[in-house]
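To start, the structure itself, in structure tokens.
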Amino acid sequence: MKSYKLKSFISNEKVDYENNLNPQQLEVVKDSDGPSLVLAGAGSGKTRVLIYRLAYLLEKGIPAENILLATFTNRAATEMINRAEILLKSSLKNLWAGTFHHIGNRTLRKEAASLGYSPNFTIVDKGDACDLLEDCLEDLGLYKKEKMFPKKKLIYNVYALSSSSLKTVEKTILEFHPHIEDYIEEVQKILKHYKKKKQQANIMDFSDLLTNWYTLLGDKSYCQKYSENFRYILVDEYQDTNRLQFEIIKLLSSQHKNILAVGDDAQSIYSFRAADINNLLDFPKVFEGTRIFKLETNYRSSPQILSLANEIIRHNINQFPKTLKPIKSDSDLPYVVKTKDVYQQAKFIGQRIIELNRQGTPLKEIAVLFRSRFQALELEMEMLKRSIPYVVRGGMRFFEQAHIKDVLSYLKIIINKKDELSFKRAVCLHKGIGRSYAYKIWDKFSRGNFDVKEISSKLPKRQSSGFKEFATLFESLKQTKSPAKALKEIIKQYKEYCYLSFDNADERILDLEELSKMANTYPSIRHFLLDLGAFEDFKGESRLGAADRDQMLVLSTIHQAKGLEWQAVFIIGFSDYEFPHPKSLGSEKSLEEERRLFYVATTRTKEILHITYAQTKYTYRNGLIITRPSVFLTELNLDSYEEILVEDEYQL
């Protein structure tokens with residue numbers, strides 16, 4: 001059998017930097033020794049700059065093992081390494097490259113003993129970590145309390161945010177999850193016990209890969225060892241780093257001080273994940289002698305799109321000002337579209353998507369973006385009616401989400417008492433009732449024996465209380481004909497469960513309120529569920545092969561769309577109290593992040609942009625109201641967009 005040996009070699013052929021980079025990019029690649037901050041505007045080729053900077057350092061004779069390339073996804077690291085290897089015609093197997101977690105893992109495998117771990121420690125994912133937290137709850141007897149208790153996934157989120165932001169558990173809860181303020185002491189006990197159990201089992205979770213790495217570098221000898229080794233440090237998406245990652249980078253660059261941070265303050269939109277824009281804004285203050293480079297040539301969008309984007313972001317005070325400059329030819333002005341209501345908005349978008357598709361724009365080159373998930377409900381229904389295949393990026397279709405299924409399960413057992421799955425799902429939402437108790441209760445219910453007193457008398461105290469709560473709600477719903485009224489009653493009770501179960505409870509409740517609003521147009525629960533059934537049965541994605549899925553329309557939150565691009569983009573729900581998010585209105589810092597979110601959405605398109613809003617909407621609490629466009633629209637020059645008023649029904 002013949003063998004084939006992979007060779008590692010450096011080509012004598014030099015990389016042509018001058019002809020492959022613009023002047024701004026070339027300056028970064030060749031002249032960014034020392035602390036350097038690269039402000040890379042949207043679509044300005046930051047990945048290209050990092051790849052060529054890496055190649056330049058290697059051509060200068062810097063060994064790969066003395067270079068650290070930190071990225072936010074392993075995929076990004078792999079892509080950069082592959083492109084650099086093609087460029088240099090050499091292997092880069094000794095390069096320290098990957099996510100912060102990947103590099104932390106690599107370091108800790110070498111130094112685990114100093115932290116009380118063995119090198120063969122196990123890394124557990126979020127699911128396993130949550131299961132371990134549940135064991136901690138059992139160990140401490142916290143599930144035996146009368147009241148409902150924060151669920152394991154929410155506790156894990158508190159722990160992860162606390163680790164990332166280097167804040168105490170108390171401060172983290174008060175800032176991110178104030179609704180569980182009463183549980184601060186218990187959560188602190190749980191996480192202390194959780195840390196102990198991990199150490200005993202020789203396991204680390206993803207947060208430990210960074211916190212333990214940071215602890216290791218706090219030892220001067222280890223800090224010196226690794227900071228001397230990394231002669232050059234390159235960091236991608238620097239605006240998305242959290243405080244913990246910032247402190248790690250500061251320690252690793254303490255010897256040679258050759259740190260190149262590439263990012264864009266105008267695209268910092270992840271504070272809810274503990275990303276800290278001040279890491280970028282304060283970079284010149286922290287790293288003395290910082291040189292600032294700007295990449296402002298945009299290769300993605302038309303002049304009209306960039307003019308609007310520049311107009312949006314100039315209203316932010318806390319930023320490094322820059323102006324995106326186009327190289328593409330002119331296109332139409334962006335459109336701001338006024339519709340009568342959200343249903344007409346959905347019909348307009350459906351019609352325009354079909355028109356664009358007929359004119360030659362593939363569905364995969366069209367995206368509909370929204371600030372919050374609930375804004376897409378009417379649009380999803382319109383896409384299903386028109387048989388437009390779509391994929392929800394980074395999430396599930398509206399009716400596939402857990403909280404939607406939860407509240408609908410109550411309605412389903414009102415109509416169909418034989419629905420075992422829905423019954424068990426609904427009863428498990430009440431305190432103390434798990435799958436085993438749900439099965440016992442269902443056994444009685446399915447046999448026609450639903451004597452509340454008898455069943456509750458055979459349950460432990462906590463489970464009995466939860467079951468009585470369920471039974472009371474169930475009996476009340478049986479007397480209700482209106483689906484909207486029924487949903488309001490369910491949501492009222494479900495809120496506590498929601499806040500104790502999910503880290504994004506506010507967004508999920510908005511989804512539920514939107515569902516209730518939609519239910520208001522139906523005469524009965526039966527009619528409502530029959531209509532929903534038609535949509536739930538439509539599984540456009542599952543009927544298509546992988547190649548076909550690539551041809552689908554994209555629906556996405558703006559947060560999930562960052563880093564992507566399409567030929568045509570629709571930004572929907574651009575109304576006051578929807579975008580910007582109402583929670584941001586009392587804080588200039590939060591309002592600036594919302595404006596950055598608008599900027600990110602705008603710069604996703606290459607050529608065609610529609611920004612739509614409804615002039616009226618039916619609200620959960622106040623019924624039909626007149627709405628205004630987003631406050632961000634009033635900041636824009638009238639000549640930066642063209643206005644469209646949709647007056648008639650927009651149908652084929």
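The values are calculated or read from the model by the stated rules, or taken from the named source; none is laboratory data. Computed from a predicted model, the values in this text were never measured in an experiment. Every residue, glycine as well, gets a Cβ built from its backbone with ideal geometry; the counts of neighbours run over all protein chains shown. Accessible surface areas use protein heavy atoms only, side chains included; no ligands, DNA or RNA. Shrake-Rupley method; radii C 1.70, N 1.55, O 1.52, S 1.80 Å.
Here the chain is treated as a sphere whose radius is the Kirkwood value from Cα pairs; by Stokes-Einstein at 25 °C and 0.890 mPa s it diffuses with a coefficient of 89 µm²/s. The longest stretch of the chain left intact once loop-based chymotrypsin sites (Phe, Trp or Tyr not before Pro) with at most 12 other Cβ atoms within 10 Å are removed from consideration, loops following DSSP, is 10-652. The charge dipole of the stretch 554-626, taken about the Cα centre with unit charges on the Cβ atoms of Lys, Arg (+1) and Asp, Glu (-1), comes to about 140 debye, rounded to the nearest 20. Taking all Cα pairs closer than 8 Å and separated by 6 or more residues, the relative contact order of the chain comes to 18 percent. The residues of the chain expose on average 45 square angstrom of accessible surface per residue, using a 1.4 Å probe on protein heavy atoms. Only alpha carbons enter this Debye calculation for the stretch 358-452, each as an equal point scatterer, and the log10 of I(q)/I(0) it gives at q = 0.17, 0.25 Å⁻¹ is -0.83, -1.30. Net charge dipole, the stretch 309-369: roughly 80 debye, given to the nearest 20, about the Cα centre with Cβ charges of +1 for Lys and Arg and -1 for Asp and Glu.
A Cβ-based charge dipole, computed about the Cα centre of the chain with Lys and Arg at +1 and Asp and Glu at -1, lands at about 2040 debye. Exposure check, 1.4 Å probe, all protein chains in place: E565 carries approximately 80 Å² of accessible surface. Loop only per DSSP, at most 12 neighbouring Cβ atoms within 10 Å: give me the GluC sites (Glu not before Pro) in the stretch 471-533, ordered by residue number. Filter output for the stretch 471-533: empty list. Can you find, among S162, A614, L142, the residue farthest towards the positive end of the dipole of the chain? Put +1 on the C-beta of Lys and Arg, -1 on that of Asp and Glu. Result: L142. Which entries in K431/K562; K364/K583; K171/K196 show an alpha-carbon gap greater than 30 Å? From the list (K431/K562; K364/K583; K171/K196), the Cα-Cα distance tops 30 Å for K431/K562; K364/K583.
If you filter the stretch 208-310 for GluC sites (Glu not before Pro), then keep DSSP loop positions with at most 12 other Cβ within 10 Å, what is left? Taking the stretch 208-310 and a limit of 12 other Cβ atoms within 10 Å, the loop GluC sites (Glu not before Pro) found are E288. Among rounded, prolate and oblate, which fits the stretch 242-325 when a ≥ b ≥ c are the square roots of the eigenvalues of its C-alpha gyration tensor, a/c under 1.5 means rounded, and a/b larger than b/c means prolate? Cα axes put the stretch 242-325 in the prolate bin.
With the Cα gyration tensor of the stretch 149-240 giving a ≥ b ≥ c as the square roots of its eigenvalues, does the rule (a/c under 1.5 for rounded; else a/b larger than b/c for prolate; else oblate) give rounded, prolate or oblate? Prolate, since a/c reaches 1.5 and a/b exceeds b/c.
Proximity of backbone amide H atoms, modeled 1.01 Å from N, is registered between V336 and I611, E642, E643, I644 at under 5 Å, excluding neighbours fewer than 5 places apart on the same chain. For the set K347/K412; K153/K197; K167/K189; K340/K495; K285/K325, the pairs lying more than 26 angstrom apart at their alpha carbons are K347/K412; K340/K495; K285/K325.
Is the shape of the stretch 193-263 best called rounded, prolate or oblate, per the rule: a/c under 1.5 gives rounded, else a/b larger than b/c gives prolate, else oblate, with a ≥ b ≥ c the square roots of the Cα gyration tensor eigenvalues? Verdict is oblate for the stretch 193-263. Within the full protein context, the accessible area of M396 is estimated at about 100 Å² for a probe radius of 1.4 Å. Relative contact order of the stretch 99-250, taken over Cα pairs closer than 8 Å and 6 or more residues apart, is 34 percent.
Efficiency by 1/(1 + (r/R0)^6): what FRET value for S446 and K495, r their Cβ-Cβ distance, R0 = 22 Å, to the nearest 0.05? Efficiency, rounded to the nearest 0.05: 0.15. Among the GluC sites (Glu not before Pro) found in the stretch 101-172, those both in a DSSP coil and sparsely packed, with 16 or fewer other Cβ atoms within 10 Å of their Cβ, are E146.
Over every Cα atom in the stretch 66-156, the radius of gyration and the widest Cα-Cα span, Dmax, amount to 19.8, 66 Å.
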